[in-house]
Amino acid sequence: SGRLAAGQAIAVLSVTLSESMLSSVLFPFLPWLVRDLGVPADSVALYSGLLSSAFNVSSLAGAVVWGRLSDVHGRLPVLALGLGSNAVSMVLLGLSASFPQAVAARLVAGCLNGNAGIAR
């Protein structure tokens, strides 16, 4: 029972850490990323805000769907799917060659990000 509780605690910690990192991982280099994606220097601040907020806005819509999936299919398979989709969405962001592609990757990441609510 103690080993099971410790394993569950580690799993929940991993999921919540993964979710928080996904939402904030690009903050340290966001202005440089936006500039490298072709945004004019005088608009970098605005576009940085748009790119960072795209994740949180789309996660509002995704949270309900992930909660419903968890109710229907169980918590563990949905958490595993969510962690895998987090990895895929970060790869999509890394492969973005333009600002619209980066926004689309962040929107996808937000929609696929529902594990924090399920883990609690």
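The values are calculated or read from the model by the stated rules, or taken from the named source; none is laboratory data. Here the structure is a predicted model, which means the values were calculated and not measured. Virtual Cβ from ideal backbone geometry, glycine too; neighbours counted across all protein chains shown. Surface areas here come from the heavy atoms of the whole protein model, side chains and all, with no ligands, DNA or RNA. Shrake-Rupley method; radii C 1.70, N 1.55, O 1.52, S 1.80 Å.
At 7 Å along Cα-to-Cβ for each site, give me the label-to-label distance between ARG35 and ALA61 in nm.
Here the modelled spin labels are 3.2 nm apart.
Per residue, what accessible area does region 1-103 have, given a 1.4 Å probe and all protein chains present, in Å²?
Details: 6350 Å² over 103 residues.
It amounts to 62 Å² per residue over region 1-103.
Using Stokes-Einstein with the Kirkwood hydrodynamic radius over Cα pairs, what translational diffusion coefficient do you get for region 60-101 at 10 °C and a viscosity of 1.306 mPa s, in µm²/s rounded to a whole number? Can you show the working numbers first?
On the way: Rh = 11.6 Å.
The estimated diffusion coefficient comes to 137 µm²/s.
Can you give me the convex hull volume of the Cα atoms of region 21-70, divided per residue and expressed in Å³?
Values: hull volume 3.7 nm³, N = 50.
Cα convex hull per residue, to the nearest whole number: 74 Å³.
Return the whole-Å distance between the Cα centroid of region 59-114 and the Cα centroid of region 17-57.
Using only Cα atoms, the two centres lie 17 Å from each other.
Between the helical axis of 2-24 and the dominant principal axis of the chain, each derived from Cα atoms, what acute angle in degrees is found, rounded to the nearest 10?
Its long axis makes an angle of about 10 degrees.
Once every DSSP H run of n ≥ 4 in the chain is given -39500 (n - 2.57) and the sum is divided by its residues, what mean residue ellipticity at 222 nm do you get, rounded to the nearest 500 deg cm²/dmol? Mind dumping the intermediate values first?
Working: 6 runs with 98 residues, N = 120.
Mean residue ellipticity, 222 nm, calculated: -27000 deg cm²/dmol.
Taking the Cα centre of the chain as origin, sum charge times position over the Cβ atoms of Lys and Arg (+1) and Asp and Glu (-1), and report the length of that vector in debye to the nearest 20.
The calculation lands at about 320 debye.
What number, in nm² with one decimal, is the all-direction average of the projected area of the convex hull of the alpha-carbon atoms of the chain? Could you put the intermediate results ahead of the total?
Numbers: hull surface 30.5 nm².
About 7.6 nm², averaged over all directions.
Compute the angle between helix 99-111 and the longest alpha-carbon principal axis of the chain, please, reported from 0 to 90 degrees and rounded to the nearest 10.
So the inclination is approximately 20 degrees.
Give me the one-decimal nm value for the distance between modelled label points at SER20 and LEU76, 7 Å along each residue's Cα-to-Cβ direction.
Label at SER20, label at LEU76, 2.6 nm between them.
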